[in-house]
Amino acid sequence: VRPADLTGLRVAVTAGGTREPIDPVRFLGNRSSGRQGVALARAAADRGAEVVLIAAHVEQAVRADAVHPRVSIVPVGTAAELGAAVTSAAESADVVVMAAAVADYRPAAVAERKLSKEDGPLDEIELVKNDDIVAGLVEARRPGQTIVGFAAETAEDAADLRERGIRKRRRKGVDLLAVNDVSEGHGFEQPDNAVLIVGASDTVVAEASGSKRHVADAVWDAVRGARA
Ligand code: C5P
C-alpha cells in the first residue's frame, strides 16, 4: 500500500479518446479506451490527491475504476469540449496530465442530416486542424504547475522511441512526457502498458511497464520528483 504522498495536491487528468462528428451518426475517433487515464486518476486519489477526471468516451465499465470520493468526473465528447474542460480545471490544478488521445483534425462542417449514398458519392471530408490543447496549457502555466503529456509512437526500436520522446517533450514544452510504443501489443485497448518518462533535462527519468495502475504510479512518482 502506498502512502498518501499526494495529499493536498489538486490534479486534472484527461482520459479516453475524442470523437469529432461527421454527421448525426458518424464520427472520426481513435482506439483509446481511457484505461491509462482512469488508472492515473484512481492512483492519484488513492494517494491523497483531489482529482478532476475529464473523460472522453470512456465506457462505463472502465470509468467505474475511477469512482472514488476524491474524483469528480467530467464527461466530454469532442476535442473542443475536452479543451474547454481541462483549461478550466487547470486554473486550480497543481498538476495536469494529458493522457487522452485528442483528435488532431475535425470535419470542417458537421452535416445536419445523416449523409446518404442517395446524396451521391462522398469522396472527401474536408478537415480542419484542432488547437493543440496542451500547447495552450503550457502557455498559461502558472509557477509551480506541472504539466504532463502522453505520446503514442510507432517506434523502430528502444533508441528510436527514446529520441522521439525527447524531441516531443521539448516541442510540446511539457515538464514530463510519457511515451509509449503502440506498435507491439502494448498501449491501446490493452490492460498493460510500457512507457518511458522523459523529463525536463532531456533524459529518461523513469521506465515502467506492467499494469496501467503500475504505470500510473510511476508517472506520479516522476511528478513528485519533478516538483521536489
Ligand atoms: O503530438 P501528439 O498528438 O503525439 O501529442 C500527444 C499529447 O498532446 C497528448 O498528451 C495529448 O493529450 C496532447 N494533445 C493535445 N491537443 C491535441 C492533440 C494532442 O493536447 N490537439
- Message: Report the Cα-based extents of the chain along its three principal axes, largest first, to the nearest Å.
- Response: 61, 41, 33
- Query: Which distance in Å, rounded to a whole number, links the C-alpha centroids of the range 27-69 and the range 86-110?
  - Reply: 14
- Note on the structure: For Val74, the residues 5 or more places away or on another chain with a placed amide H closer than 5 Å to its own amide H are Leu53, Ile54, Ala55
- Which net charge results for the neighbourhood of Glu50, defined as the other residues with beta-carbon distances under 10 angstrom from its beta-carbon, given Lys and Arg at +1 and Asp and Glu at -1? +1
- Potential lengthening between Ser211 and Asp132 on full extension [0.36 nm per residue; Cα-Cα distance subtracted]: 25.6 nm
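If you filter the range 16-86 for GluC sites (Glu not before Pro), then keep DSSP loop positions with at most 16 other Cβ within 10 Å, what is left? Display every interim value, and only then the final one.
Numbers: sites: Glu50, Glu59, Glu81; in loops: Glu59.
In loop regions of the range 16-86 (DSSP not H, G, I, E or B), the sparsely surrounded GluC sites (Glu not before Pro) are Glu59.
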- Item | Length gained when the stretch Ala140-Ala84 is fully extended (0.36 nm per residue, less Cα-Cα span) | 18.8 nm
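Can you tell me how much longer the chain between Val67 and Ala109 gets when fully stretched, taken as 0.36 nm per residue apart minus their C-alpha distance, in nm with one decimal? Intermediate values should be presented prior to the final figure.
Details: separation 42, 0.36 × 42 = 15.12 nm, distance 3.59 nm.
Full-extension gain reported as 11.5 nm.
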- Message: I need the Debye-formula profile for the range 148-187: one equal scatterer per C-alpha, no solvent, reported as log10 I(q)/I(0) at q = 0.16, 0.23 1/Å, two decimals.
- Response: -0.34, -0.66
- Message: Are there any trypsin sites (Lys or Arg not before Pro) in the range 72-161 that are in a DSSP loop and have at most 13 other Cβ atoms within 10 Å? List them by number.
- Response: Arg113, Lys114
- Message: Give me the tail of P(r) for the range 1-123 as a percent: Cα-Cα pairs with distance above 19 Å.
- Response: 50
- Item | Against the rule of thumb 2.2 N^0.38 Å, how large the Cα Rg of the range 69-154 comes out | 1.43
- Task: With a Förster radius of 25 Å, plug the Cβ-Cβ distance of Ile125 and Lys168 into 1/(1 + (r/R0)^6) and report the FRET value to the nearest 0.05.
- Result: 0.35
- Tabulate in residue order the Karplus-calculated ³J(HN,Hα) for the range 197-211, using 6.51 cos²θ - 1.76 cosθ + 1.60 with θ = phi - 60°, rounded to whole Hz; enter x for Gly and Pro. 10, 9, x, 5, 7, 6, 10, 7, 8, 7, 10, 9, 9, x, 5
- If the convex hull is drawn through the Cα atoms of the range 85-203, its volume per residue in Å³: 164
- Hand me the GluC sites (Glu not before Pro) from the range 92-157 located in a DSSP loop with no more than 12 other Cβ atoms within 10 Å, in residue order please. Glu112, Glu124, Glu126, Glu156
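Using only alpha-carbon positions, what ratio does the radius of gyration of the range 33-100 give when scaled by 2.2 N^0.38 Å?
Numbers: Rg = 11.0 Å, N = 68, 2.2 N^0.38 = 10.9 Å.
Relative to the 2.2 N^0.38 Å estimate, the range 33-100 comes out at 1.00.
Note the direction-averaged projected area, equal to a quarter of the hull surface, for the Cα convex hull of the range 1-46, in nm². Provide the component values of the computation, followed by the final result.
Details: hull surface 17.1 nm².
Mean shadow area of the hull around the Cα atoms is 4.3 nm².
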- Task: Mind telling me which of Asp157, Asp192, Asp181 comes out most flexible in a GNM of the chain, alpha-carbon contacts under 10 Å?
- Result: Asp157
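Throughout, read-outs are computed from the coordinates displayed, never taken from laboratory work. Quick caveat: nothing in here was measured; it's all calculated off a predicted structure. Reconstructed Cβ throughout: ideal geometry from the backbone, glycine too, with neighbour counts over all protein chains shown.
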